[in-house]
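Participant: Before we start, here is the structure in question, set down as structure tokens.
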Amino acid sequence: MIWLALTLLAPLGAGLAVIALRRAPIALSLAGAGLGLLGALGLFAGAAGGTEITATLPFLPDLPIRLLAGPLTATLALVVATVAAMVLLYAAGYMAHDPERARFFGTMLMFVAAMELLVLSGDWITLLAAWEMIGFASYLLIGFWHGRDGVPGAATRAFLYTRTADLGLYIAAFLLIGVAGTSEISATLSTTGTPALIAGLLLLFAAMGKSAQVPMQDWLMRAMAGPTPVSALLHSATLVAAGAILLIRAAPMLPGGALVAVGLVGGVTAVVAGLMALAARDLKRLLAASTASQYGLMLVAVGAGVPVAALLHLIAHAAIKSALFLGAGVFQHDRESTDLDALAGAGRARPGIFAGFALVALALAGLPPMAAFFSKDAILAAALDSPFASWLLPLALLGSVLTGAYMARALKVLWTGKSDRPVDAVPLMAAGMGVLVALAAVLGFGFKPLEAMLGAHLPEPAWIIPAMGLAVGLVGLALGWAVAPDRLLGPLLGPASRGFEIAGGMQAQVARPALALADACERFEQWLLAAVLAVGRINLSLGVGARRTDRDMIDRAIFGLVDRAIALGARARRLQSGFIHREMALTFAGIALVIGVLLAAPIYL
Amino acid sequence: MSLATSFFLVFFGVAAVWFGIVVFRTHSMVRSAIALLFSQTAIGAMFLVMQAEFLGVLQIMMMATEMSVMAIFMVMFMMDPGGMGKMDMTHQKRLSLWAGGIGLLAALVVILGAGWQGPVPDVPGADAQARMLGRELLGRSMFIFQSAALMILTAMIAATMVAIAPQEREKP
Amino acid sequence: MISELLIALSVGAALFGVGLYGALSQTNLVMIIMGVELVLAAALVNMVAFWRYLHPDEPAAQMYVLIVMAVMAVEMAVGFGIAIARFRSRGSVEMEEARDLKG
């Protein structure tokens, strides 16, 4: 239990402390990340020993918060904590001179806490909440330098695309909760039939958004506007992994139709994103497209029915891609830009960094004995053995070729060129990157014990698989090094560099309609406000009318009465003329009246 | 007898009324006073015709004195005693005419409408009347008589006091 | 006899009318007093006629006449006293100018 608390609460506490105190952000964040890593190690050790730690916290009636640290989730928690710790160490050097680093570190730690919560969640409600939190943290971190041109727009677009896809997750989660009657994930995974198919397709939709699969791959390109540590942590190893993690966890439930869709989406993405990476003019965008492509390969594995292969590739890719991003960050630090033209020759000035960069690049391409070799072979084997091998395998192979091609291209650009500028030492950044490079190199040997822990042994592949994998990797590397991309891609260069957008892409089909809808709602809101104000004005005018009535009619009546009484009195005053003769006339009239009344007495008495 | 009394009644009545009208139509003040005197004298004559001798004589004597006094006062206080100015010294003439007319008509209506019943009893002689009046005066109506006397005394004092000029206190 | 009563009463009525007209229409106080004298004389005529033709044996009626005569004299005396006072303070007894009690 203490490991669970440490894993979740250490980053959270450190994040809140940094945001509240705004002092010693680096020390606090490293402490938080370190403690979180410790907690994750504890969880992993426990899961490796066979114990499954669960926790249930009361929340809504019948929907408690469940945390689960089993073999799968503890492994993922360890991956997240390790990459987070290394990236924060790197960021201590990268963001050392930024005046707003307190905000940066605070938000990063909050993200780490939310990601751990997502990975360790045992029920759909917690997973949904954590899903939302990491999306929000991503928005805040991409838009960190919100004063620069294009950055707020990129952050908003990323948030908008992933939010649109999150709808699928919501509907799927509530569908599964409704069908299974409980929100616990492992219980709902026994759903079968049409609900399972629908839920699976919806989960695929959500994963497509978060993991930047076709057709939603554009947001990841634009997300590169954030700081490089953000790209290294969020957009290579953790946030985009959330989609794949979702599918891996839900894999036992997915029926055949959903698996077909998953594999198809993954395969198409692997190829399309690979082409985009090859045509990219910016190092970070190249790496972003590469990320989308690799996750496509992972989806191929899930679609082929072997989620373990996807998991292994996810772990390998996390180490590899984050190391690649950290290296790109160092070169960006040197050349103040990530444009490939500007970075020409940056690798020569930093041999150590470049060596690490090249190592993980070759690892990604699939060279043994590094981690991705084993995981890629597992994917190819799964694709070969699956019922849909006829198109999964070619797509996976093509994706691997392209992997090697764009990695070689990046290496070539970094190596060839002039480097006459002096560079300063970057100890923290080198340390963070170095650990990840080392992990990328040696993780492959840990895969067999991992498979034993997860209880899913992969069959030993036939010799053809490693041979194919090695061959396509070497072919890709050679092609990328030797041939320029525009000749390689030919007619596809144009669409590839524009991100293969169809009919205006997401901008026209999703963003503009969404913003137009928001405008319409705003106008409706204004109309409602005007209506309410009009009602208020009607009431006011009623009040004014009532007051006027009161003043004009009632007061006029009363004062009119008063005036008429005064006028009557004034007229009566005329009787008092003071003249004797008038008085006598009145006296005579009075006497006559009295006599008349008395004489007429017989009539009324 | 009744024919003669009727004739004289009519004659003296008309004279009284006519002289009364002359009082208010003439412009000269002295003539106005004299006309009133004649009117009152005609009324006194009517009393005599109606065999109220004491009252008739009393009326004529009193009115003669009063009217002379009034003539003096009129000459004192009038703006135009001689009546040479020809100014119309009346106000609210129409109202007054109406008032007089209505009074006259109302009285006539009552007179002619009331059913006076005869026969008329016998009138005692003059000395018998005087004797009865004296007895009445000093007998049953003594209180009234004394009150009237008191009233006259008070009025005399009051009139004198009102008419006396305020004394100017001379301070040495 | 009754006709004589009627004649006398009519004369009284006529005198009353004339006297009322005079009392209401004259501007001078003395003339007003003269009008009132005529009215009182009319009353006297009525009283004497009633005594003569209805109750000749009743001396109280003559008593009434005496009292009215006294009232006539007293009224004239006081009225003239007031006229003197007024004349002394204002210089005239014209009733058109006497508006002091105007409300």
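The values are calculated or read from the model by the stated rules, or taken from the named source; none is laboratory data. Bear in mind the structure is a predicted one, so any value in this text is a computation, not a measurement. Neighbour counts are summed over all protein chains in view; Cβ atoms, including those assigned to glycine, are modelled from backbone coordinates with ideal geometry.
Participant: Does residue B:161 satisfy the condition of being assigned to a helix (DSSP H, G or I), touching a helix residue (DSSP H, G or I) at 6+ places or on another chain (Cβ under 7 Å) and more than 7 Å from every other protein chain (Cβ to nearest Cβ)?
Facilitator: Details: assigned to a helix (DSSP H, G or I): yes; touching a helix residue (DSSP H, G or I) at 6+ places or on another chain (Cβ under 7 Å): no; more than 7 Å from every other protein chain (Cβ to nearest Cβ): yes.
So residue B:161 fails the test.
Participant: Restrict the check to segment C:75-85 and report whether at least one residue is assigned to a helix (DSSP H, G or I), closer than 25 Å to residue B:91 by Cβ, more than 7 Å from chain B (Cβ to nearest Cβ) and at pLDDT 90 or above.
Facilitator: Within segment C:75-85, the first condition is being assigned to a helix (DSSP H, G or I), and the residues that meet it are C:75-85.
Cutting the leftovers down to closer than 25 Å to residue B:91 by Cβ gives us C:75-76, C:78-85.
Right, trim to more than 7 Å from chain B (Cβ to nearest Cβ) and you get C:75, C:79.
So of that shortlist, the ones also at pLDDT 90 or above come out as C:75, C:79.
Yes.
Participant: Quick one: which residue in A:34, A:70, A:49 is farther than 19 Å from residue A:122 by Cα, free of Cβ contacts under 8 Å to residues at least 24 places away in the same chain and surrounded by fewer than 22 Cβ atoms within 10 Å (Cβ to Cβ)?
Facilitator: Numbers: A:34 fails: free of Cβ contacts under 8 Å to residues at least 24 places away in the same chain; A:70 fails: farther than 19 Å from residue A:122 by Cα.
Testing whether each residue is farther than 19 Å from residue A:122 by Cα, free of Cβ contacts under 8 Å to residues at least 24 places away in the same chain and surrounded by fewer than 22 Cβ atoms within 10 Å (Cβ to Cβ) leaves just A:49.
Participant: May I ask you to list the residues in segment C:1-12 that are buried (at least 23 other Cβ atoms within 10 Å of the Cβ), facing another protein chain (nearest Cβ under 7 Å) and either of a type in the set (Ser, Thr, Tyr) or without any contact (Cβ under 8 Å) to a residue 40 or more places away in the chain (or both)?
Facilitator: We begin by selecting, within segment C:1-12, every residue buried (at least 23 other Cβ atoms within 10 Å of the Cβ); these are C:8-9, C:11-12.
Filter once more, so that each one left must be facing another protein chain (nearest Cβ under 7 Å): C:8-9, C:11.
C:11, the sole residue that qualifies.
Participant: Same structure again: Do the conditions hold for residue A:88, that is, is it crowded, with 24+ Cβ neighbours inside 10 Å, touching a residue at least 60 places away in the same chain (Cβ under 8 Å) and not acidic (Asp, Glu)? Explain how you work it out, then say what you get.
Facilitator: Values: crowded, with 24+ Cβ neighbours inside 10 Å: yes; touching a residue at least 60 places away in the same chain (Cβ under 8 Å): yes; not acidic (Asp, Glu): yes.
Yes.
Participant: Here's something else I'd like to know. Could you pull out the residue among B:132, B:142 that is within 10 Å of another protein chain (Cβ to nearest Cβ) and either surrounded by 12 or more Cβ atoms within 10 Å (Cβ to Cβ) or without any contact (Cβ under 8 Å) to a residue 12 or more places away in the chain (or both)?
Facilitator: On the way: B:142 fails: within 10 Å of another protein chain (Cβ to nearest Cβ).
Unique residue meeting the criteria: B:132.
Participant: Residues being within 7 Å of chain C (Cβ to nearest Cβ), of a type outside the set (A, V, I, L, M) and either in contact with a Gly (Cβ under 7 Å, 6 or more places away or on another chain) or within 30 Å of residue C:27 (Cβ to Cβ) (or both): count how many of those fall in segment B:87-123.
Facilitator: Selection size over segment B:87-123: 8.
Participant: Residues being polar (S, T, N, Q) and more than 8 Å from chain B (Cβ to nearest Cβ): count how many of those fall in segment C:21-69.
Facilitator: Narrowing segment C:21-69 to residues polar (S, T, N, Q): C:25-28, C:46, C:62.
In the following step, the residues that additionally are more than 8 Å from chain B (Cβ to nearest Cβ) were identified as C:46.
Adding up the residues that qualify gives 1.
Participant: Go over the candidates B:72, B:102 one by one and state the one that is surrounded by fewer than 16 Cβ atoms within 10 Å (Cβ to Cβ) and at pLDDT 90 or above.
Facilitator: Values: B:72 fails: at pLDDT 90 or above.
Selected residue: B:102, the only one of B:72, B:102 that is surrounded by fewer than 16 Cβ atoms within 10 Å (Cβ to Cβ) and at pLDDT 90 or above.
Participant: Separate question: Quick check on my filter: what residues within segment B:146-158 are more than 8 Å from every other protein chain (Cβ to nearest Cβ) and either touching a strand residue (DSSP E or B) at 6+ places or on another chain (Cβ under 6 Å) or surrounded by 14 or more Cβ atoms within 10 Å (Cβ to Cβ) (or both)?
Facilitator: First, pick out the residues of segment B:146-158 that are more than 8 Å from every other protein chain (Cβ to nearest Cβ): B:146-147, B:149-150, B:153-154, B:157.
Result: no residue meets the conditions.
Participant: Please go through (1) in contact with a Lys or Arg (Cβ under 6 Å, 6 or more places away or on another chain); (2) among the polar types (S, T, N, Q); (3) at pLDDT 85 or above for residue A:236 and return the number of the only condition it doesn't satisfy.
Facilitator: So the condition that residue A:236 fails would be (3).
Participant: With respect to residue A:375, determine if the residue is among the polar types (S, T, N, Q) and over 23 Å from residue A:82 (Cβ atoms).
Facilitator: Working: among the polar types (S, T, N, Q): yes; over 23 Å from residue A:82 (Cβ atoms): no.
No.
Participant: Moving on to the next point. With the requirement that a residue be of a type in the set (D, E, K, R) and over 19 Å from residue C:69 (Cα atoms), what does segment B:136-172 give you? It would help to see each step written out before you state the result.
Facilitator: Restricting attention to segment B:136-172, the residues satisfying the condition of being of a type in the set (D, E, K, R) are B:136, B:140, B:168-171.
Selection gives B:140, B:168, B:169, B:170, B:171.
Participant: Can you list the helices (runs of 4 or more DSSP H) found entirely within segment A:193-299 that contain at least 1 residues being closer than 23 Å to residue A:144 by Cα? Show your work before the answer.
Facilitator: Working: elements: A:194-210, A:218-222, A:228-232, A:241-250, A:256-279.
Per the criteria, A:194-210, A:218-222, A:228-232, A:241-250.
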